[in-house]
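To start, the structure itself, in structure tokens.
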Amino acid sequence: MHIPDGFLTANTWAPAWVISTGTIGYCLKKTAGLLKDRMVPLMGIMSAFIFAAQMINFPVIGGTSGHLLGGVLAAVLLGPYAGAVVLTCVLIFQCLIFQDGGLLALGANIFNMAIIGTIGGYIMFNLVNKIMGNKKGLQIGAAVAAWFSVVLAAVFCALELAISGTSPLLIVLPAMAGIHALIGVGEALITAAVLSFIQKVRPDLIYGLAGKMD
Amino acid sequence: MSRKDIAVGVIIAVAIAFFLSPLASSWPDGLEKVAHDHGFIVKGEQGSVFKSPIPDYIFPGLKNEKMATAISGLLGTLVIFGIGYGLASLLKKNKDCR
């Protein structure tokens, strides 16, 4: 759901830039404080993986496709702050090099996917994880959070489109939430599958499993 | 993480980008579909404020569009790995200096 330029008016993209710049600045500071040696290459690998996975659109119903957002996956592996930083790197790269998402809209895209989709998704993951217990809760918590992260990002995207006067809220909100409720199922399945694989081969790499990395 | 772990991670990402991106669905994504159905897709077609070097992941100068996508995926994945790794290294260095 990379918003292109033209969909948002300045009263929407400008404040989104301000909020995203401030939030990601804070995330950079927090990441620098929490960063352990082994997280350094993992941030590179996650950037690469999410960039690659976002190229793979899978078909959903009615001539529509979706791709992994990866926010919850990054946040469970790296923690919410480093996760948001990784998503932001990917979004900036996609915008500047591949024209995927507008430049004016970049602040809004970072807000929807790197902040709501990643940090918001992580809060949801933690919630489910606490209820289910650490080990069992990992896949289920991540899957539930992954679904919510996509739907929530779509809801915020719809709000921005409505504020911009691009489409009336009562039309764009159900449309965006509805189609992303389906795309979110793909997000949940991929997120849970990748985490199961990592849990099997390198459980020590999962931030969300240890609570914190040592 | 050992060098081998890092290599395995990068190879998985590069393989996804190179081998799967040409097979990706070309149907519109959720937002494009909604924009199309509700008549505001044209607003996004008025051209961006700037031009990216590789629009739509189609590497320039290649006749085969699927190959052009695969090459964009391959190179893009390697470059973004470097960016992510580089930024993390900088943040780490910053922390160690303090």
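The values are calculated or read from the model by the stated rules, or taken from the named source; none is laboratory data. As the structure is a prediction and not an experimental result, all values here were calculated from the model. No Cβ is skipped: glycine too gets one built from the backbone with ideal geometry, and neighbour counts run over all protein chains shown.
Would you mind finding the one in A:Leu205, A:Leu169 that is under 29 Å from A:Ala10 (Cα atoms) and either of a type in the set (Val, Ile, Thr) or in contact with a Leu (Cβ under 8 Å, 6 or more places away or on another chain) (or both)? Even if it seems obvious, please write down each step before you answer.
Details: A:Leu205 fails: under 29 Å from A:Ala10 (Cα atoms).
Exactly one of A:Leu205, A:Leu169 is under 29 Å from A:Ala10 (Cα atoms) and either of a type in the set (Val, Ile, Thr) or in contact with a Leu (Cβ under 8 Å, 6 or more places away or on another chain) (or both), namely A:Leu169.
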Members of the stretch A:26-40 that are within 7 Å of another protein chain (Cβ to nearest Cβ), touching a Lys or Arg at 6+ places or on another chain (Cβ under 9 Å) and part of a loop (DSSP other than H, G, I, E, B): A:Leu35
Helices (runs of 4 or more DSSP H) completely within the stretch A:97-214 that count 2 or more residues being within 11 Å of chain B (Cβ to nearest Cβ) and in contact (Cβ under 8 Å) with a residue 12 or more places away in the chain: A:106-109, A:134-163, A:169-201
Top-ranked residue in the stretch B:38-51 [being facing chain A (nearest Cβ under 8 Å) and surrounded by 16 or more Cβ atoms within 10 Å (Cβ to Cβ); ranked as nearest to A:Leu104 (Cα to Cα)]: B:Ser48
Condition check for A:Gly44: in a helix (DSSP H, G or I), at pLDDT below 95 and over 23 Å from A:Leu161 (Cα atoms): no
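Which is buried (at least 24 other Cβ atoms within 10 Å of the Cβ), on the phi < 0 side of the Ramachandran plot and of a type in the set (Ser, Thr, Tyr), of A:Thr88, A:Thr23, A:Thr12? Spell out the reasoning first.
Working: A:Thr23 fails: buried (at least 24 other Cβ atoms within 10 Å of the Cβ); A:Thr12 fails: buried (at least 24 other Cβ atoms within 10 Å of the Cβ).
Sole residue among the options that is buried (at least 24 other Cβ atoms within 10 Å of the Cβ), on the phi < 0 side of the Ramachandran plot and of a type in the set (Ser, Thr, Tyr): A:Thr88.
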Selected residue (criterion: surrounded by the fewest Cβ atoms within 10 Å (Cβ to Cβ)) from residues of the stretch A:47-85 that are facing chain B (nearest Cβ under 7 Å), of a type in the set (Gly, Ala, Ser) and in a helix (DSSP H, G or I): A:Ala53
